[in-house]
Amino acid sequence: MGSQTKERIFFFALGVPVVICLLAFFWIAATLFTGVGTLNMEFLTTSALQGGAFEMIVGTIYLFLGAAAIAGPIGVFAAIYLVEYAPHGKITRIIDQAINNLAGVPSIIIGLFGYTLFSRQLGFGISLMAGWLTLALMILPIVIRGSEEAIRIVPQSFKQAALALGATKWKSISLTTLIAAAPGIVTSVILGIARVAGETAAILFTSCVIITRGLPSSPLEPVMALSFNMYVQIVARGAPPESVFGMALILFFIVVIFSLVAIILRVYYRKKQPWLH
Amino acid sequence: MSSKKLNKISSFFLNLKSQPMEIVLFVSASLSIIILFLMLFFVAREGALAFSRFGSDLLFGMQWNLESDLFGGFPLLYGSLMVTFGALLIAIPVGVCTAIFVSEVLPFYLRDPIKSIIELLASIPSVIYGFIGLLIVVPFISSFFGLVSGQTALTASLILSLMTIPTIVSVSGEIISAVPKTYKEAALGLGATKWETIKTVVLPISKSGILASIMLGFGRAIGETIAVSMIAGNQAHTPSSYLEAVYTIPSFIATHMGEAAVGSLEYSALFGLGLILLIITFMVNTLADTVVKRGAQHG
């Protein structure tokens, strides 16, 4: 057997798993789409008290927006420090390691921690606030890593030009580097949102209840969420999976749209940033 | 006044406003360390009661029985490891092959679209994986093997492998793409085929990165809660085959926290299990980090 044929066989063998991955995604999407008939405007806009999903959808949006608003700025600040200020030393290495470890903590543990610290110790109870803070812990590493990369690829000369004009280090960074890195930073926040919009374990004990009367009127009230409701209906109440088809589809749409926007933004701005070529 | 001194003074004033900002930046960056310490502290504090009462029985005891105050987590640990290994058995070959294929073999214009789809696979929420599992995999397993219930360790492993593959692909893909082009060109220039180049140049260099990606996949799989608790059958025993129901540590915590009275022994035991899980993932993640850094030094 010639080495050419051998190579073809190897590459074919390597390609099979790729096809499996692709098929898996389309298979999941196709399965979900079989339930598209259960979706209608009424389901989206009626209150959960009348069998709709309105409070769950808005609750899900409340949860990820608040979490992103908390984790976004902190994550960007952390990224600026790591790229522009951090000395090459032990502390920086420990911070780096800590971010990786935080990203790897299982969401159920994040939930246990959020419950003890935010719900009980700080007295937020089962509330939107406790959910925001808990989910922010999950977004934070994603925003830090994404922003770090976005800031790192901005040429030093941008910042040096501002420094030469007499701007302070912070001013030069915030006026040049940050603006050039903005698309990358926004992408990382959207990616973070995509990761937590469907999160269940972290909000299980911290912010959700199965039914509320209307939307929460303050951050200290509990919320409903699509993911939480799906889980509790099936696991605790033993409902057949078909009964939550509508919620699954909406949640899938939300997550896929956010992921796609992040992916498209990244590809688009990579092309638009001429200094990368 | 010498110009050096003047410089020093002027730069001092220019930097003055930067100082408070620098502190904010440093605190933001250090927050991850603080959070991790708080996490260890709080989970350990709540679990302390159970650990002082049962010690290692929390990890190796065979029975979890509320009435007789028995809190042994061994069946749960066993279940966790079982579904995790099952998932990795599928995810490692599929993930590593995909990473090699996407970063070395695939034409350039196809790389980004396929990476994007795998990334989408990673962002699907676990509750939806559980839902899909219930809808399709559970009935399939039950009819294929003629079981009363299709909620088995195998079902959980199958779905879990789908959730682990993106981690392995993205981490090892990154490492494989980072192999310097000149190395590959040198091999090709000596007459090696593309496959020989991959085998003799690319894989040896990225070996440690691939190992790290497997460890991260392990951490991801062992901590997965929601999907597993929806499809694994949730029975706390040590199963003898993959066609039996299992309970894992995270899904046990998720289903029992709601009913455990705050401060009770059960409550504390659940946090004890949480602490065990947290320590396992800490060790795995730290090890993966070390492996990557050591590999980077050699490469």
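Could you give me the percent of Cα pairs per 20 Å distance bin for the protein assembly as shown, shortest bin first, beginning at zero and ending with the bin that holds the maximum distance?
19, 52, 25, 3, 0
Please turn the phi angles of segment A:117-125 into ³J(HN,Hα) values with the Karplus equation 6.51 cos²θ - 1.76 cosθ + 1.60 (θ = phi - 60°), one per residue in order, whole Hz, x for glycine and proline.
With the stated coefficients, segment A:117-125 comes to 7, 7, 6, 9, 4, 8, x, 7, x Hz.
Within chain B, which is the longest segment that contains none of the GluC sites (Glu not before Pro) sitting in a DSSP loop with at most 13 other Cβ atoms within 10 Å? The partial results should precede the final answer.
On the way: sites that count: B:E67, B:E259.
Of all site-free stretches, the longest is B:68-258.
Which chymotrypsin sites (Phe, Trp or Tyr not before Pro) from segment B:68-162 combine a DSSP loop assignment with at most 13 other Cβ atoms within 10 Å?
B:F145
Out of residues 5 or more away from B:F71 or on other chains, whose amide H comes under 5 Å of its own, with H placed 1.01 Å from N in the peptide plane?
B:N65
Determine the shape class of segment B:137-262: with a ≥ b ≥ c the square roots of the Cα gyration tensor eigenvalues, call it rounded for a/c under 1.5, and otherwise prolate if a/b is greater than b/c, oblate otherwise.
It comes out prolate by the Cα gyration axes.
What is segment A:62-173's relative contact order, in percent, from Cα pairs under 8 angstrom and six or more apart in sequence?
Averaging sequence separation for qualifying contacts and normalising by length gives 42 percent for segment A:62-173.
So if we plug the beta-carbon distance of A:I211 and A:T31 into 1/(1 + (r/R0)^6) with R0 = 45 Å, what FRET efficiency do we get, rounded to 0.05?
So the FRET efficiency works out to roughly 0.95.
So which residue, out of A:P73, A:P241, A:P141, gets the largest mean-square fluctuation from a GNM of chain A using Cα contacts under 10 Å as springs?
Maximum fluctuation in the GNM of chain A, among the listed residues, is at A:P241.
Taking θ = phi - 60°, what integer Hz values does the Karplus form 6.51 cos²θ - 1.76 cosθ + 1.60 yield along segment A:209-215, in sequence order, with x for Gly and Pro?
10, 6, 8, 10, 8, x, 7
Modelled label-to-label distance, B:K207 and B:T193, 7 Å Cα→beta-carbon offset: nm?
About 2.3 nm, to one decimal.
What residue among B:L40, B:L66, B:L158 shows peak mean-square fluctuation when chain B is described by a Gaussian network model with Cα springs under 10 Å?
The residue with the greatest mean-square fluctuation here is B:L66.
Rank A:L14, A:F113, A:A69 by how far each Cα sits towards the positive end of the charge dipole of segment A:1-133 (+1 on Lys, Arg Cβ; -1 on Asp, Glu Cβ) and give me just the farthest.
Result: A:L14, furthest along the dipole toward the positive end.
At 7 Å along the Cα-to-beta-carbon direction for both A:L44 and B:A178, put a label point, then send me their distance in nm to one decimal.
4.3 nm
Could you give me the ³J(HN,Hα) list for segment A:242-252, computed from phi with Karplus coefficients 6.51, -1.76, 1.60 and θ = phi - 60°, whole Hz, x at Gly and Pro?
Those phi angles translate into 4, 5, 10, 3, x, 4, 4, 5, 4, 4, 4 Hz.
How far apart, in nm, are two points set 7 Å out from the Cα along the Cα-to-Cβ line at B:V148 and at B:T286?
Between B:V148 and B:T286, the label points sit 4.5 nm apart.
Taking only C-alpha pairs under 8 Å that are 6+ residues apart, what is the relative contact order of chain B in percent?
Numbers: 388 pairs, mean separation 78.4, N = 299.
Contact order relative to length: 26 percent.
Between A:A239 and B:T238, what FRET efficiency comes out of the Förster formula 1/(1 + (r/R0)^6) with R0 = 30 Å and r the beta carbon distance, rounded to 0.05?
0.50
Just add up the charged neighbours of A:W132: K/R +1, D/E -1, any other residue whose Cβ is under 14 Å from the Cβ of A:W132. Intermediate values should be presented prior to the final figure.
On the way: positive: none; negative: A:E199, A:E221.
With Lys, Arg at +1 and Asp, Glu at -1, the net is -2.
Once the dipole of segment B:59-298 is set up with Lys and Arg at +1 and Asp and Glu at -1 on Cβ about the Cα centre, which of B:M82, B:L216, B:S264 lies farthest towards its positive end?
So the residue furthest toward the plus end is B:L216.
In whole Å, how far is the Cα centre of segment A:127-157 from that of segment A:226-277?
Computed from Cα coordinates, the inter-centre distance equals 18 Å.
Choose one answer from B:T98, B:T164, B:T286: the residue with the largest mean-square fluctuation in a GNM of chain B with alpha-carbon springs under 10 Å.
B:T286
Please name whichever of B:L147, A:I193, B:V246 sits farthest to the positive end of the charge dipole of the protein assembly as shown, dipole taken about the Cα centre and charges placed at Cβ: Lys and Arg +1, Asp and Glu -1.
The one lying farthest along the dipole's positive direction is A:I193.
Quick one: which residues, 5 or more positions from B:A236 or on another chain, have an amide H under 5 Å from its amide H? H modelled 1.01 Å from N in the peptide plane, none for Pro or chain starts.
none
In debye to the nearest 20, how big a dipole does segment A:34-276 give about its Cα centre with +1 on each Lys and Arg Cβ and -1 on each Asp and Glu Cβ?
Using Cβ point charges on Lys, Arg, Asp and Glu, segment A:34-276 gives about 820 debye.
Which helices of chain B meet both criteria: a Cα extent of 27 Å or more along the helical axis and a mean Kyte-Doolittle score no lower than 0.0, with helices taken as whole DSSP H segments? It would help to have the intermediate numbers written out before the result.
On the way: long enough: B:18-54 (53 Å, 1.51); B:74-100 (38 Å, 1.95); B:153-177 (34 Å, 1.60); B:203-223 (30 Å, 1.13); B:265-298 (49 Å, 1.02).
Helices meeting the criterion: B:18-54, B:74-100, B:153-177, B:203-223, B:265-298.
Bear in mind these aren't lab numbers, they're just calculated from the coordinates by the rules spelled out. As the structure is a computational prediction, the values presented were derived from the model and not from experiment. Cβ sites come from the backbone with ideal geometry, for glycine too, and all protein chains shown count toward neighbours.
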